[in-house]
1. With a cap of 14 neighbouring Cβ atoms within 10 Å, and only residues DSSP puts in a loop, list the trypsin sites (Lys or Arg not before Pro) found in region A:50-137.
2. In deg cm²/dmol and to the nearest 500, what is the mean residue ellipticity at 222 nm of the protein assembly as shown if only DSSP H runs of at least 4 residues count, each as -39500 (n - 2.57), divided by the residue total?
3. Suppose R0 equals 30 Å; then what is the FRET efficiency for A:Lys24 and A:Tyr90 from their Cβ-Cβ distance, rounded to the nearest 0.05?
4. Placing +1 on the Cβ of each Lys and Arg and -1 on the Cβ of each Asp and Glu in the protein assembly as shown, which of A:Ile63, A:Thr92, B:Thr101 has its Cα farthest towards the positive end of the resulting dipole?
5. Quick check: Cα centre of region B:40-80 to Cα centre of region A:29-106, how many Å?
6. Name the residues of region A:27-43 whose accessible area, probed at 1.4 Å, falls by at least 50 Å² once all protein chains are in place instead of their chain on its own?
7. What area, in nm² and to one decimal, does the C-alpha convex hull of region A:2-135 cast on average over all directions?
8. How much area per residue is accessible in chain A when the probe is 1.4 Å and only protein heavy atoms are counted (Å²)?
Amino acid sequence: MHFEYNIIESDFANAGKASSEIKKTMKQLNIDAQKIKRMVVAVYEAEVNAIAHAFGGTIFVDIDSEKICVLIKDSGPGIENIELAMQKGYSTASAKVREMGFGAGMGLPNIKNNVDDLDIKSEVGVGTEIKMVVNFI
Amino acid sequence: MKIKEIAQIIDAKIVTGEDKIEREIKYGFASDLMSDVLTLDEEEIILITGLCNVQTIRTAEMANIGVILFARNKKPNEEMLELAQDNDMIILQTKNSLFRTVGLLFKAGLNPVY
């Protein structure tokens, strides 16, 4: 099963919509509740990140009997230092993001804690790709 | 603790979910930072917060939290209430500060997550 969602830059009002759709789909597929929660918490953090920091992008979701894979690809600006971005408390978030209850440098560490596989590729001026996998078995 | 007891203790208005006030809650968690809420494993929680926007509801949705209590007289808007209703949530609202709200509930025996 494959589906996609668009992410629009600074579209804070819709942050979480894609995560919500993914949650509903996983529920319909009778996937274990804990695995659903882990995946959607990670996707939600990543979705908020993409809306807050990126110039728009796309969420690609693939579900089979063994796993769910969510890939978020954006078109920049890219992360200069991924290692630093992974550190708890490091943030470049705007005041607007903080008003929403995020931006404390917890997003990427939260994502890492919830998924079985995490792969982040980023190039400044090109964009970021974040791939998150939760295994069912 | 039952939702209706919680509402009585802190003199809260039940904004939506009146039909679910007999529901039992095990823990309370207070935060205005949604990323901290998203770190919790426990689910029978009342989220006590002063952060009143759509992301508060979205966060509760992702974390499987069914009850949100807005302190400091924060009032959820229509969009938030619709989303809360779609997710079968209970929304409470109190004029008390977050500190007083948490203090009263802790004193009455509501457990912290940690």
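1. Those satisfying the criteria are A:Lys88.
2. -10000 deg cm²/dmol
3. After rounding to 0.05, the efficiency reads 0.40.
4. Highest projection toward the positive end goes to B:Thr101.
5. 20
6. A:Lys37
7. Mean projected area of the Cα convex hull: 7.3 nm².
8. So chain A comes to 49 Å² accessible per residue, rounded to a whole number.
The values are calculated or read from the model by the stated rules, or taken from the named source; none is laboratory data. Not measured: the values here are computed from a predicted model. All Cβ positions, even for glycine, are placed from backbone atoms using ideal geometry, and neighbour counts span all protein chains on display. Side chains included, ligands, DNA and RNA excluded: accessible areas come from the protein's heavy atoms. Shrake-Rupley method; radii C 1.70, N 1.55, O 1.52, S 1.80 Å.
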